[in-house]
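The values are calculated or read from the model by the stated rules, or taken from the named source; none is laboratory data. Quick caveat: nothing in here was measured; it's all calculated off a predicted structure. With ideal geometry, Cβ positions are generated from the backbone for all residues, glycine too; neighbour counts draw on all protein chains shown.
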Amino acid sequence: MINDLLLIKKVKEGDIKAFEILFRKYYPPLSYYAVTITGSSDAAEDIIQDLFYVLWRERERIQILSSLKSYLYNAVRNRSLQYCDKRKLDQRYRISSLNPSSQDTEQDSLNGIEYRELEEIIKKSLERMPSRRVEIFRMHRFGNQKYREIAEALSVSVKTVEAEMTKALKEIRKEIELHTSIL
């Protein structure tokens, strides 16, 4: 661990030899670790090479608070998981674009119906709320305004906006729960 601290200190100072030592020491075990997560040696190689590239490029700014080894393994794990997530997303997109099944269409129809029902529940719930609460809710949820902006526009405190939003959301949740318990 002390050797790693010395190596990283030298790397931060721009010592290419120290970087090469670090690379040779950690490349094989990190590659193996990435392969166990991604299932692909090509992806693992890309992940590790990119990690070391960023390590060199950002060497002066990198803050390693624990051991270098745990820093590198955490970085590889995170990058490998991101790779897996992206691969799954790509596969889902490819499958859905190549084979739009009737099951998907039925699911989309059901989702549309559920969405309209939910809209109706929210609309009815808002009709029973005080006008200021409704105005605050609409400004935040439909107008995408921040609490601070709403407070300034309505000349109230941010705490008031927070309280009204909390009450509005609580009432809407209660209404949704009542609706789902009936079904």
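General remarks:
- The test for being farther than 30 Å from residue 51 by Cβ, at pLDDT below 75 and not polar (S, T, N, Q) does not hold for residue 136.
- Beta carbons closer than 9 Å, at least 6 apart along the sequence or on distinct chains, pair a first residue in segment 149-161 that is free of Cβ contacts under 8 Å to residues at least 60 places away in the same chain with a second that is assigned to a loop (DSSP other than H, G, I, E, B) for 149/143; 150/143; 150/156; 151/157; 153/145.
- Subset of segment 65-117 that is part of a helix (DSSP H, G or I) and of a type in the set (Gly, Ala, Ser) - its residue that is modelled with the lowest pLDDT: 102
- Pair list, Cβ < 9 Å and 6+ apart or interchain, from segment 1-25 residues that are free of Cβ contacts under 8 Å to residues at least 60 places away in the same chain to residues that are assigned to a helix (DSSP H, G or I) and small (Gly, Ala, Ser): 6/18; 9/18; 10/18; 11/18
- Within segment 115-164, considering residues that are among the hydroxyl-bearing types (Ser, Thr, Tyr) and in contact with an Asp or Glu (Cβ under 8 Å, 6 or more places away or on another chain), the one nearest to residue 177 (Cα to Cα): 125
- Residues being part of a loop (DSSP other than H, G, I, E, B) and either under 21 Å from residue 120 (Cα atoms) or more than 26 Å from the chain's Cα centre (by Cα) (or both) - total across segment 141-183: 7
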